[in-house]
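Below is one structure, written out as structure tokens; comments come after it.
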Amino acid sequence: MLDFTRLRVLVAVARAGSVTAAAEALHYAQPSVSHHLAKLEAEVGVVLVRRVGRGIVLTDAGRLLVARAEEILGQVESARAELAAHAGLATGRVRLAAFPSALATLVPTAAARLAADHPGVELALTEAEPPEALTALRNGDVDAALIFDHADPVPGDRRNTTTTPLLQEPMYVVTPADGSWDGPRAELATYARENWIAGCERCRTHLASICERAGFAPRVTFETDDYVAVQSLVAAGLGVGVLPGLALRAHRHPRVRADRLPDDRRRVSLAVYGRPPAAQPVQAFTAALTAAAAGPAGY
């Protein structure tokens, strides 16, 4: 039988890239990490890691076992959370990974409601875009992941996850408030010859898709994930962009104009690992987040 502690050590080494860094992350002595790796290799009968300079690289067998170990450890963490449900809501924790505009809008409202209704439940927050949040959920690093989808699902492994829809978020074309154009301001084709400011890789893909439907390819001259920076660049006359309603609710630059795109929305949802019911603290936070999302999604 594979030892859970040794699997955790292997995963930590794979993430950190060296025995020394893994030892620091796990709060182990370095010889202890090396000992666990050696024991694990003896158990499975194959070489899992090779030393390269001061770091390590995984062998093919090592990569295979790390992938399975992450799933196993995530399931163990999920089982612990389910068992914690029997302790009720006097104590407990919820570790949440969420994208920036949700952390600035929905999450504080939900966190305040959770603290008022269940003061014994601890909430820990991590900023992560949806693909990274789903990876953290699968690995057992968080208990819930706040994610969004455009037309296509978030890339990542969704096996054994349960998703709760929260809202359909409107999208807006953001332009300089004092600008003038020949066409309707809520139609992307009006800005076909303008420079564009794009966000993360998935957001850039979405921008290219909706612009293609409007009959042109956007000329992207600036790229930033920071919705505050996007608005500042637009206000300076350096281009136009598309932002979701939560980003505009979190921050609204006084010198930009936002026009709602009639046929473009993104779906915001909460993902948890395992089948229902989730642990009671997670259920309580889901209820608080659902209430927070019931408000207006625009700005």
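Solvent-accessible surface of the chain, taken per residue with a 1.4 Å probe and all protein chains present: 49 Å². When both bridge partners sit in the chain, DSSP labels roughly 65% of those beta bridges antiparallel.
Charging the Cβ of each Asp and Glu at -1 and of each Lys and Arg at +1, and nothing else, the dipole of the range 173-232 about its Cα centre rounds to 160 debye. Reducing the range 17-63 and the range 235-299 to their Cα centroids gives an inter-centroid distance of 41 Å. Based on Cα atoms of the range 200-263, Rg over Rh with Rh as the Kirkwood radius reads 0.93.
By the Cα gyration tensor, the range 122-229 has an equivalent ellipsoid whose semi-axes, rounded to whole angstrom, run 33, 15, 13 from largest to smallest. Based on Cα contacts under 8 Å between residues 6+ apart, the range 90-145 shows a relative contact order of 54 percent.
Only one residue of Ala136, Ser101, Pro31 has its Cα farthest out toward the positive end of the dipole of the chain, where Lys and Arg carry +1 and Asp and Glu -1 on Cβ, and that residue is Pro31. Relative to the dominant Cα principal axis of the chain, helix 106-117 is inclined by about 60°. Build a GNM of the chain with springs between Cα atoms under 10 Å apart, and of His253, His36, His27 the one that fluctuates most is His27.
Largest mean-square fluctuation among Val121, Val173, Val33, in a Gaussian network model of the chain whose springs join Cα atoms under 10 Å apart, belongs to Val33.
Please list, by residue number, every one of the trypsin sites (Lys or Arg not before Pro) in the range 156-247 that is coil in DSSP and has at most 12 other beta-carbon atoms within 10 Å. Those that pass, being in a loop and sparsely packed, are Arg159, Arg193. Computed about the Cα centre, the dipole magnitude for the chain is approximately 220 debye when only Lys and Arg (+1) and Asp and Glu (-1) carry charge, each at its Cβ.
The values are calculated or read from the model by the stated rules, or taken from the named source; none is laboratory data. Note that this is a predicted model, so its numbers are computed, not measured. Cβ sites come from the backbone with ideal geometry, for glycine too, and all protein chains shown count toward neighbours. Heavy atoms of the whole protein, side chains included, go into the accessibility calculation; ligands, DNA and RNA do not. Shrake-Rupley method; radii C 1.70, N 1.55, O 1.52, S 1.80 Å.
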